[in-house]
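The values are calculated or read from the model by the stated rules, or taken from the named source; none is laboratory data. As the structure is a computational prediction, the values presented were derived from the model and not from experiment. For neighbour counting, all protein chains shown are included, and Cβ atoms are generated from backbone atoms with ideal geometry for every residue, glycine included.
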Amino acid sequence: MNRSKRSDVFPSASLRVAPGALSVATTWWHPVRGPMDCPAHPLLSAHARQAGFTIDAGPWGKAAVSGDDQGPVGTTVVAVSYERPEGGHRGIALAARSQDSAALAFAHRQIESWQAVLRTRRVLYVSEETAPPGEPAPRPAPAAPLPHASVPTQSSGVSGGAWLACGCPAGSACPSAALAERSLHRSVARGDEVVVVGASAAGTGGWPRTAPAGTVKRAATEAQAEALSVADPERFAFVVAPGAVVSGAAGILRVLRRRFPRLRGQHPWEWCYTTDDLDTAVGSALGQSDALLVTGRGDSPLVRGALTRAARSGLRVREVTSLDRLRPQDIDGATITLLHTATALDGPGGHDRRGDASREVARVLDGLGPTCHIRRTVRSTALPSGLGAQENAGEASAS
């Protein structure tokens, strides 16, 4: 990458720039390297506007930068470019009036600062769209409700939010919150004390929607499970909070089963693995990253979890609500995780802006060095009862 990088300052007699303005190239012709693509031009424009300059962004004609201009030179072009592994060249270029010292100094500073972080990099993405809206992950059909037991209707989302209690997008048909609430009320109706294991995904609202009349305890950590007291260990049940990270809930259940061997409760095929899968994917991505970029202006369980993880590990984080907030030091790394914070208007029923900001940042990164984009996905799917045994039997007979 460093061997292919080239910095240039060209005089131009044909490229016209107004006083107090900057010209930003979207494409241009390099006198030596030929056609030049500039995907990062919106970044330069955003920073120039923030600095108070008038911007003229557009393609420069082939003769705009010839390298051997004759006649009075009124414009100076400052540029940096690099060779793409797949062929061709990309870069960034700014032009200012040669006599406009403020604009010309700003152009030099911008090109020099972004040139310092021009490198090959990898961008990792994790999306909360673990299942398409209306297509829940397949799971076995639960047993029929007990007589007179009510099954809460699955909400399309909590009030004021875009997420179900389990962490799935509001447009999905995940039944886990309703199943967990049914299991909670059924255990209480039997006369059991019930412990809710784990906590619902942050930012998804309250659960359960209807509080049961009996005794309900909570154990969100293994330490709380160790300290839990129960009136009758023979009549003790659990339910996993929808949206709890299942790997954490499993650790809590190990403590409870050790302390209360007669513990009974909700069947694992009623659990939702969305938050667990996102937590696993985010942990994997951040563990390999030099920085975390968060775009958008909303909120999501995915980003809440990522910010918590990043804070624990000391990973540097930058919220990019607009391109002028993106700084060279924010992308100074070989691997970057990029997450989009969905807003309440994203997705079904609203103006679909999902991912626009992250796509804009991704395009900019494409213009700041050869970039590899990787989507990190973890997906847990419940198999129908007996399928695992059938598969194992088939493998045994084949051997």
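Which of the residues belonging to the range 32-58 are assigned to a loop (DSSP other than H, G, I, E, B) and either surrounded by 13 or more Cβ atoms within 10 Å (Cβ to Cβ) or among the acidic types (Asp, Glu) (or both)? First the steps, then the outcome.
Quick first cut of the range 32-58, residues assigned to a loop (DSSP other than H, G, I, E, B) only: 32-33, 38-40, 51-53.
Arg33, Cys38, Pro39, Ala40, Ala51, Phe53 - these are the residues of the range 32-58 that are assigned to a loop (DSSP other than H, G, I, E, B) and either surrounded by 13 or more Cβ atoms within 10 Å (Cβ to Cβ) or among the acidic types (Asp, Glu) (or both).
Which residues, counting only those in the range 261-274, are buried (at least 19 other Cβ atoms within 10 Å of the Cβ) and either touching a Leu at 6+ places or on another chain (Cβ under 6 Å) or within 20 Å of Leu184 (Cα to Cα) (or both)? Quick ask: steps written out before the conclusion?
Filtering the range 261-274 down to residues buried (at least 19 other Cβ atoms within 10 Å of the Cβ) leaves 265-266, 270-274.
Residues satisfying the conditions are Gly265, Gln266, Glu270, Trp271, Cys272, Tyr273.
Going residue by residue through the range 321-329, is there one that turns out to be in contact (Cβ under 8 Å) with a residue 24 or more places away in the chain, closer than 16 Å to Gly203 by Cβ, of a type in the set (Asp, Glu) and not in a strand (DSSP E or B)?
No: the range 321-329 contains no residue that is in contact (Cβ under 8 Å) with a residue 24 or more places away in the chain, closer than 16 Å to Gly203 by Cβ, of a type in the set (Asp, Glu) and not in a strand (DSSP E or B).
Considering only the range 76-90, I want to know if a residue exists there that is within 17 Å of Cys38 (Cα to Cα), modelled with pLDDT of 95 or more, out of contact with any His (no Cβ under 8 Å at 6 or more places or on another chain) and acidic (Asp, Glu).
no
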